[in-house]
Structures are given as C-alpha cells and as structure tokens.
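One structure is given here, and the rest of the page talks about it.
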Amino acid sequence: MTTLLDAIQIETAPAPTAAVIWLHGLGASGDDFAAIVPELDLAGCAPIRFVFPHAPVMPVTINNGFEMPAWYDIFAPDLVRREDAEGIARSVLAIEALLAREVARGIPARRIVLAGFSQGCAMTLHAGLRHPERLAGLVALSGYLPLADSLAAERHPANFGTPIFMAHGTADPVVVLPRAQEARTVLQEFGYQVEWHTYPMPHSVHPDEIADISAFLRQVLPAA
C-alpha cells in the first residue's frame, strides 16, 4: 500500500462535495499554491477541498544531485531527451492514493480536479489521462507532457472527454513555450478538449491566469 503524502488541506466550506488536488513544481512544496485559494473566485462552485501535497525529497540530477522535493528526476534542460519513467510511475501511485482518499471520503472522481504547476503539471497530465475513472478536469500550468510516446497505449477511455485547462508564460525560461505547445498539439491530435491560454510572464503565475482558472473551476465543479 502506498503511504499517503503529507499535504495541506483547505476547505472552502463545510462538508465539501468536490476536490482539487494541486501538485507543486520542482524544489517547492504544497505551501506554494495554498495561498492561491483565497484569490480564486469560486462563486457558484460546490464546497471544495483543496489538497496541496508535498512531493518526496530526492536527488535531482540536473541540480548536481542536490536533494529537494521532486515528483521525478530530471536529467537535462530539454526535459524530454531522457526521462525518469520509474520516478514518474512512483509518483503516479502517490497521486492515485490521494485520489482514492477523496473518493473514500465521499467525493466521486467526477467531482475531482487534478492540477499542477511545472513538474506538477507534467504529473497532472501523465496521471490524469491514465486514471481509470472520469475526472472533472485537469489544470496544467507552465509544464509539458512527459513520456508522450506512451500516451497512445496507456491513456484510459474514462478521461477521453475530460476538459483540460493549459496555461503558459510567453517568456518562460524553465519550460520553454514550444515545449508546452508541443504538448497541446499532441493532446488535440488525440481529441482532448484543451482550453489554451498564454500570459506575458516567466515561469510563474499571472493575475489574469488566476481569473481564468477560477472560471474553469466554476465550469467543471458547479454547485450540485
């Protein structure tokens, strides 16, 4: 049995009937995005439980083996020439355990959004498209699609129609814009519903982006 990751949990109202599991980026923690909850306009949404897990600490090759919170190892700046398939698979198990806990607490998969930034975005797309139950939506921020060549064989029909919100900075030096555009193209070629946004920012979050995420959450997690 996979041990549940430690996580920050914030409920927008008592007895939540929806959930958002939000994955942070490399070297960060769940604290990174917990502060965004009060900034979201969730009027008309169901009561939501936000879950911000902390990734395990591991050596990261691109950072000279320095240990830091990471969902998987990164070997080179281009991100995709050589990928850590084993590390990604381990993190999928951890994410699946978080999803299963929400279901056990009474929130069905169809009322759960999986979200992530940067490396967390990569895990959101990888795990979400393979999840065997329909999710409410995927929020993919400033990231890319890992192990893209395996998607055709591994994607699950349950999430063929799941809406995907993708956002990226036009001046991102960490995950360059073309890498995200490649991911969008692959997803669209498979027929996924991709809502695409760009913002004049580096590897960060833009105020307009927060407003657009709010609108997406209102759309996919409406009050019952």
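The values are calculated or read from the model by the stated rules, or taken from the named source; none is laboratory data. Bear in mind the structure is a predicted one, so any value in this text is a computation, not a measurement. We place every Cβ from the backbone using ideal geometry, glycine too, and count neighbours over all the protein chains shown. Quick note on the areas: whole protein, heavy atoms, side chains included, nothing else; ligands and nucleic acids left out. Shrake-Rupley method; radii C 1.70, N 1.55, O 1.52, S 1.80 Å.
Each listed q (0.09 Å⁻¹) maps to a log10 I(q)/I(0) for the chain, found by the Debye formula over equal Cα scatterers with no solvent: -0.31. Computed from backbone phi with θ = phi - 60° and the Karplus coefficients 6.51, -1.76 and 1.60, the 3J(HN,Hα) list for segment 58-68 is 8, x, 10, 4, 5, 9, 6, x, 5, 7, 7 Hz; x is used for glycine and proline.
Relative contact order, whole percent, for segment 28-76 stands at 32, derived from Cα pairs under 8 Å and 6 or more residues apart.
In order along segment 119-130, the phi-based Karplus estimate (6.51 cos²θ - 1.76 cosθ + 1.60, θ = phi - 60°) of 3J(HN,Hα) comes to 4, x, 5, 4, 5, 4, 5, 5, 6, x, 6, 9 Hz; Gly and Pro are listed as x. Here the chain exposes an accessible surface that is 55 percent carbon and sulfur, computed with a 1.4 Å probe and the other protein chains kept in place. Three principal axis extents describe the C-alpha atoms of segment 13-98; from largest down they are 45, 24, 21 Å. Under a no-solvent Debye model with one identical scatterer per Cα of segment 99-183, what's log10 I(q)/I(0) at q = 0.17, 0.22 Å⁻¹? Treating every Cα as an identical point scatterer, log10 I(q)/I(0) equals -0.67, -1.01.
Need the full-extension length gain, residue 93 to residue 68, defined as separation in residues times 0.36 nm minus the C-alpha distance. One decimal, nm.
7.1 nm
Taking N as the residue count of segment 185-224, its C-alpha radius of gyration divided by 2.2 N^0.38 Å amounts to 1.44. Let me make sure I get this right: for segment 144-185, a, b and c are the square roots of the gyration tensor eigenvalues over alpha carbons, sorted descending. Under 1.5 in a/c it's rounded, otherwise prolate if a/b > b/c, else oblate. Which is it? In terms of gyration-tensor shape, oblate. Summing Lys and Arg as +1 and Asp and Glu as -1 over all other residues whose Cβ lies under 15 Å from the Cβ of residue 172 gives a net charge of -1.
The shape of segment 1-59 comes out oblate: with a ≥ b ≥ c from the C-alpha gyration tensor, a/c is at least 1.5 while a/b does not beat b/c.
Summed over the residues of the chain and divided among them, the accessible surface reaches 42 Å² per residue at a probe radius of 1.4 Å. Between segment 1-47 and segment 161-224, the alpha-carbon centres lie 18 Å apart.
The trypsin sites (Lys or Arg not before Pro) of segment 1-91 that DSSP puts in a loop, and whose beta carbon has at most 11 other beta carbons within 10 Å, are 81.
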